[in-house]
Amino acid sequence: NYGIVLDAGSSHTALYIYAWPAEKDNNTGRVEQTHSCKVKGKGISSYASQPWKAGESLTLCMQEAEQKVPNKRHHETPLYLGATAGMRLLNMENSSASDKVFQAVEKALQKFPFSYQGARILSGQEEGAFGWVTVNYLDDLCSCCVLTSMRFLSPSQGLETTGALDLGGASTQISFVSDNYDGSESPSNSVTFRLYGNDYNLYTHSFLCYGKDQVLRLALAQQTQVNFHPCFHPGYTEIKNYSVLYDSPCVSGRKPQGAPENFTLRGNGSFGQCQEIVKSVFNFTSCKYSQCSFNGVFQPLLQGPFGAFSAYYFVMNFLNLTDTSIPLDTVKDKLARYCATPWDEIKLHTGVKLSYLAEYCFSGTYILTLLTEGYNFTSESYSNIKFIKKVSRSYATLFLLHTPQMPHDLSSFPVDH
Ligand SMILES: Nc1nc2c(ncn2[C@@H]2O[C@H](COP(=O)(O)OP(=O)(O)OP(=O)(O)O)[C@@H](O)[C@H]2O)c(=O)[nH]1
């Protein structure tokens, strides 16, 4: 059997093909990702002003899928599109624009012979929960991302589950099982479901606007009137357009009156000052629960190992900081040295887009600040985090949960409160 998932994020869209044995075997059936294709261009939400292009952008990957899935399986192969924070933001800002993007996408997808199951925006809670399922399915020993049931042993069998930390472009998610959380405090953070005969009660939260691209906008928006920005390398200079910077509901309220068309961004590479700016995007002043992460959001005590993926991995891997046995203070020192490195030296790095190179100092600072100040990881618990390269994004598991011929009983997932 085959299934196709289109993952439509804020900064990218990708297509994944999954395959699994036709016989239904509830214990040993394996689901493998057999093919992936990166859709050209940015996430489909970026086509708000030219929706038809959103549909067209998918065509090449869809044609590849037609080649990869055997012809005789085409009609029974389910095809899903799940959109995340980029579309959530577009929908908040201009729902008719997001409807038009979906119409164009549907029109394009329906031209293909697969069993089209619809396109929709996932809730933050679903995105967090699917990320957790995916992290707990990942077979660490297999480099090709085989989803396996092996890890879903009951707690009495002594296997702890792994929490999920997902950093996207527009939102970020934290999801984990905690002995101190039964869902009674802040029930909107609870997702309960049954997998492989075990009941799970998960804590999950998605912070919209706290993906790294949106926080960068916030960090830039605060500093447009000053001479130097500490999150960029000494010697870095870029002309930025005000309208482009403020073109997001995450920052639009902060646009200064009478702002000129452009401003010049100049870096001075100070990790300490950059951290102060990043800290200021979190609100720690009020918490009506027993404990909070930030912005008044409940979070129980952190528990267990965590897998950190997407931008967490891209950034920490580039910075050579994925080894969490290195003391946190040393990690900060290394990042501070990196931030202070002149841009002339940084830009010599080959094989990486200049736009990514320019942002690693900011992104590394944001990641460390989010983990320690935001989620309350300490010098000790930081070592419980593993930065993992993951081929597919969280909600690639979406189709697993709704496809009846799947080898595992996932039908009751997720039960929303
Ligand atoms: N350095 C680097 N950054 C990347 C790479 N691929 C994606 N990113 C960035 O990492 C961030 C997260 O990317 P994704 O995981 O694709 O997130 P997304 O699905 O677009 O975001 P959401 O809609 O918030 O879920 C974005 O800021 C991307 O621009 C990469 O290969 N290298």
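The values are calculated or read from the model by the stated rules, or taken from the named source; none is laboratory data. As the structure is a prediction and not an experimental result, all values here were calculated from the model. Positions of Cβ are backbone-derived with ideal geometry, glycine not excepted, and every protein chain shown enters the neighbour counts.
Is it true that some residue in the range 142-162 is under 27 Å from Asn1 (Cβ atoms), within 16 Å of the ligand (Cβ to nearest atom) and either modelled with pLDDT of 90 or more or buried (at least 24 other Cβ atoms within 10 Å of the Cβ) (or both)?
Taking every residue of the range 142-162 in turn, none turns out to be under 27 Å from Asn1 (Cβ atoms), within 16 Å of the ligand (Cβ to nearest atom) and either modelled with pLDDT of 90 or more or buried (at least 24 other Cβ atoms within 10 Å of the Cβ) (or both).
Anything in the range 83-109 that is within 14 Å of the ligand (Cβ to nearest atom) and within 15 Å of Ala8 (Cβ to Cβ)? List them, or say none.
Once the filter is applied, which keeps residues that are within 14 Å of the ligand (Cβ to nearest atom) and within 15 Å of Ala8 (Cβ to Cβ), the range 83-109 yields Ala83, Thr84, Ala85, Gly86, Met87, Arg88, Leu89, Leu90, Asn91, Ser98, Val101.
Would it be correct to say that Ser36 is touching a strand residue (DSSP E or B) at 6+ places or on another chain (Cβ under 9 Å), outside any helix (DSSP H, G or I) and not hydrophobic (A, V, I, L, M, F, W, C)?
Against the criterion (touching a strand residue (DSSP E or B) at 6+ places or on another chain (Cβ under 9 Å), outside any helix (DSSP H, G or I) and not hydrophobic (A, V, I, L, M, F, W, C)), Ser36 qualifies.
Can you tell me which residue is farthest from Pro230 (Cα to Cα) among those in the range 314-330 that are out of contact with any helix residue (DSSP H, G or I) (no Cβ under 7 Å at 6 or more places or on another chain) and surrounded by 14 or more Cβ atoms within 10 Å (Cβ to Cβ)?
Ile326
Determine the pairs where a residue that is among the charged types (D, E, K, R), located within the range 306-333, has a partner that is more than 12 Å from the ligand (Cβ to nearest atom) with Cβ atoms under 8 Å apart, the partner being 6 or more residues away or on another chain.
From the range 306-333, the pairs are Asp329/Ser379; Lys332/Phe271; Lys332/Leu368.
Restricting to the range 293-313, name every residue that is out of contact with any strand residue (DSSP E or B) (no Cβ under 6 Å at 6 or more places or on another chain) and surrounded by fewer than 18 Cβ atoms within 10 Å (Cβ to Cβ).
Asn295, Gly296, Leu301, Pro305
Condition check: away from the ligand (no atom under 16 Å from the Cβ), aliphatic (A, V, I, L, M) and surrounded by 15 or more Cβ atoms within 10 Å (Cβ to Cβ). Does Val191 satisfy that?
yes
Mind listing just one residue for me: the one in the range 196-227 that is surrounded by fewer than 19 Cβ atoms within 10 Å (Cβ to Cβ) and part of a strand (DSSP E or B) and, of those, nearest to the chain's Cα centre (by Cα)?
Out of the qualifying residues, it is Leu208.
Among the residues of the range 110-135, write down those that are among the hydroxyl-bearing types (Ser, Thr, Tyr) and more than 15 Å from the ligand (Cβ to nearest atom). Even if it seems obvious, please write down each step before you answer.
First pass over the range 110-135, keeping only residues among the hydroxyl-bearing types (Ser, Thr, Tyr): 115-116, 123, 134.
Residues satisfying the conditions are Ser115, Tyr116.
Being at pLDDT 80 or above and of a type in the set (Phe, Trp, Tyr) is the filter; apply it to the range 1-35 and report the residue that is surrounded by the fewest Cβ atoms within 10 Å (Cβ to Cβ).
Of everything passing the filter in the range 1-35, Tyr2 is surrounded by the fewest Cβ atoms within 10 Å (Cβ to Cβ).
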